[in-house]
Each structure stands twice: as C-alpha cells, then as structure tokens.
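A.B. asks: One structure coming up, written as structure tokens, with questions to follow.
The values are calculated or read from the model by the stated rules, or taken from the named source; none is laboratory data. This is a predicted model, so every value here is computed, not measured. Here the Cβ is made from the backbone with ideal geometry for all residues, glycine too, and neighbour counts use every protein chain on show.
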Amino acid sequence: MKKAGIINIAMHSQKILLIRNNPIVSYCKSFLFKEKCLKMKNLLSFLVITICINATVHASDLMADSLFNAANQSYTFKQYSTSINNYEKLINSGFKTSEIYFNLGNSYYKTGNYSRAILNYERAKILDPGNEDIAFNLAKASTYIIDKIDVIPDFFIKTWFKSMVGLLSPDNWAVLALIAFISATGACILFFLVFTNKYKKPLLYFAGIFAITSIVTLIIAHKTKVYIEHSNSAIVLEPTATVKSAPDIESQDAFIIHEGTKVFILRNLNGWTEIKLTDGKQGWVEALSIEKI
C-alpha cells in the first residue's frame, strides 16, 4: 500500500512537471505577462501625459496672470504703449476675455486711437453683452467718429431676436436652458406621481412651458455662440477709406467712410471686401482698411 502511494505521488508530481513544461502553458504565461506589462506601460504613459498637460496648463495660466497684472500695472502708471503690448500678447496667446478686450480698449482710448478702442470695446461687448461699463465706454469713444450714419430699422421680430441674443452670453443662455429642462422634467415626474386631477393639469401646463423655454433658450444660446464666432461686422481703422463700386482700384468712387465706423462684411475677393453700412449703402473697400470684430 505504501508503494502504491509513492507511485501515485510520483505520477502526480510528473503530471505537474509536464503541465509546467508544456509549451502552450509557457506561451500563455508569457502572453499574460506581456499584456500586463503593456497595460502598466499604457497606464504610466497616460499618467505622465496627464501630469505634463496639467503642468503646462498651470504654467500657462500663471504666465497669463503675470502678464495681465503687468499690463494693468502699466496702465495704472500711464504706460499705455506697454499695457497695449501686454494685452495684445495675451490675446495672441489665446486668452480672449471681455476684461482683456475692455482694458485694451481703454489703453487705446488713452492714446487717442479711438478706432481701435471701439474695435476692442465691440469685442468685449460680444463676450459680455450686459456690461454697463463696456456700453458706456463704447458710446463715449463713438462720439469721436466723424461719420454719423442712420440706421434702417429691422422688422420688429428680428430686432427682438437680436436684443435677446445680445442680452446674455452663450454660457448664461445654456444655463437657463438647463434649468428650464430640469424644471420640465420635474413637472413631468410630479404629473405621474400625483393622483389628484386638480394638480395634474397645472403640472402639465408647467411642463409644457418649461420645455418650450428650454428649447428657445437653447436656440438663443446656439445663435449667440455663432454670432460671437462668426461675426460679420468690422471697424474701419484707416483715417479715410474710399468705398468703390467694384473690387478694383480703377472703379468709380461710391462714397467715403472714416475710422471708427462700423460696417458689415458681405464677402471678400482678391484683397477687397464688400461692405454694407447701417443705412443700406454698399460698396468695396480694401481689406486692410478694416478689421473684423
């Protein structure tokens, strides 16, 4: 019996050795080990990349804060050329906020460059439509414009929609849309939970009103974003710009506009831009004589 037990143990040990020495098992172990190493490598790479990105963003934010503070300090000490350079550097680096454009407009205003002051006030106004300081400084700078152009009134629905678009920023409209959507969802849930018919009808009305409000505000948020990113208005920067009847220097002169005047871009062609004034007049100017808001 003991011998039989020894033989059984020996055979069992031999099976274990055979399994361990099996090339398929060895390959599987090697494959699993490599796969595990690859996952660890990918994880480490992801962590390193994430840390590097965060460090870069943090360094970029610190640099922007430093440059913004330096620009503000230069403005305080009436070093307007230096403040203009610093604000322009921030904008060229991708930091485009209403505060930067507003301060840049103030710097240009102090140097007497009213056309560029108006340009940057207009840019600040797009990003922060309801800011009273921006509106006041823009109106003040606009008093230096030579051209006093009449405005053709739009259809009342278009005027209302424009006022709604310019009332808040896209983010604020999006927040309102989200609040209205949550309110509509809550009203719908309560409609199914409440068993009294007395409250079901008002809840249904509220759900409909909030749903419509959510859709409308979401549309306005989208339109406002498009308006900001694809603005077709521009400011004349040349002291005098001759508007031509065609995109050709030899074409007939249509009329003359001066720096600071706001125009609307219709199309561009071979270094020329077709523009339209608020009174409906149209013509072509050299593209370099205006700058898009």
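A.B. asks: Of all residues being of a type in the set (D, E, K, R) and loosely packed, with under 14 Cβ neighbours inside 10 Å in segment 141-187, which is modelled with the lowest pLDDT? Just the residue, please.
C.D. replies: Within segment 141-187, the match that is modelled with the lowest pLDDT is Asp154.
A.B. asks: Also, quick follow-up: Select from segment 241-271 the residues that are polar (S, T, N, Q) and in contact with a Ser or Thr (Cβ under 6 Å, 6 or more places away or on another chain) and list them in ascending order.
C.D. replies: Passing the criteria: Ser245, Ser251, Gln252.
A.B. asks: Among (1) modelled with pLDDT of 90 or more; (2) more than 14 Å from Lys276 (Cα to Cα), which single condition is Lys201 missing?
C.D. replies: Of (1) modelled with pLDDT of 90 or more; (2) more than 14 Å from Lys276 (Cα to Cα), only one is false for Lys201: (1).
A.B. asks: Give the number of residues within segment 239-251 that are touching a strand residue (DSSP E or B) at 6+ places or on another chain (Cβ under 7 Å) and surrounded by fewer than 14 Cβ atoms within 10 Å (Cβ to Cβ).
C.D. replies: Selection size over segment 239-251: 4.
A.B. asks: Take Arg116 and decide whether it is closer than 25 Å to Glu238 by Cα, at pLDDT 95 or above and of a type in the set (D, E, K, R).
C.D. replies: Criteria met by Arg116.
A.B. asks: Can I ask one more? What's the number of the only condition in (1) assigned to a helix (DSSP H, G or I); (2) closer than 30 Å to Ala139 by Cβ; (3) touching a residue at least 12 places away in the same chain (Cβ under 8 Å) that Val175 fails to meet?
C.D. replies: Looking at each condition in turn, Val175 falls short on (3).
A.B. asks: Considering only residues of segment 231-254 that are outside any strand (DSSP E or B) and closer than 17 Å to Leu119 by Cβ, which is modelled with the lowest pLDDT?
C.D. replies: Top of the filtered list is Ser231.
A.B. asks: Now for a different question. Considering each of Leu277, Leu266 in turn, give the residue that is surrounded by 12 or more Cβ atoms within 10 Å (Cβ to Cβ) and without any contact (Cβ under 8 Å) to a residue 40 or more places away in the chain.
C.D. replies: Just a single option satisfies the conditions, and that option is Leu266.
A.B. asks: Please give the number of the condition Leu190 fails out of (1) under 25 Å from Thr217 (Cα atoms); (2) at pLDDT 90 or above.
C.D. replies: With respect to (1) under 25 Å from Thr217 (Cα atoms); (2) at pLDDT 90 or above, Leu190 is out only on (2).
A.B. asks: Could you list all residues from segment 196-229 that are crowded, with 17+ Cβ neighbours inside 10 Å, free of Cβ contacts under 8 Å to residues at least 40 places away in the same chain and among the hydrophobic types (A, V, I, L, M, F, W, C)?
C.D. replies: Leu203, Phe206, Ala207, Phe210, Ala211
A.B. asks: Continuing with this model, one more query. So which residues in segment 71-99 are buried (at least 18 other Cβ atoms within 10 Å of the Cβ) and farther than 26 Å from Ser169 by Cα, if there are any at all?
C.D. replies: Correct list: Ser74, Tyr75, Tyr80, Ser83.
A.B. asks: Another question, if that's okay. Before we move on, is Ala287 of a type in the set (A, V, I, L, M, F, W, C) and farther than 23 Å from Arg116 by Cβ?
C.D. replies: Taking the combined requirement at face value, the residue does not satisfy it.
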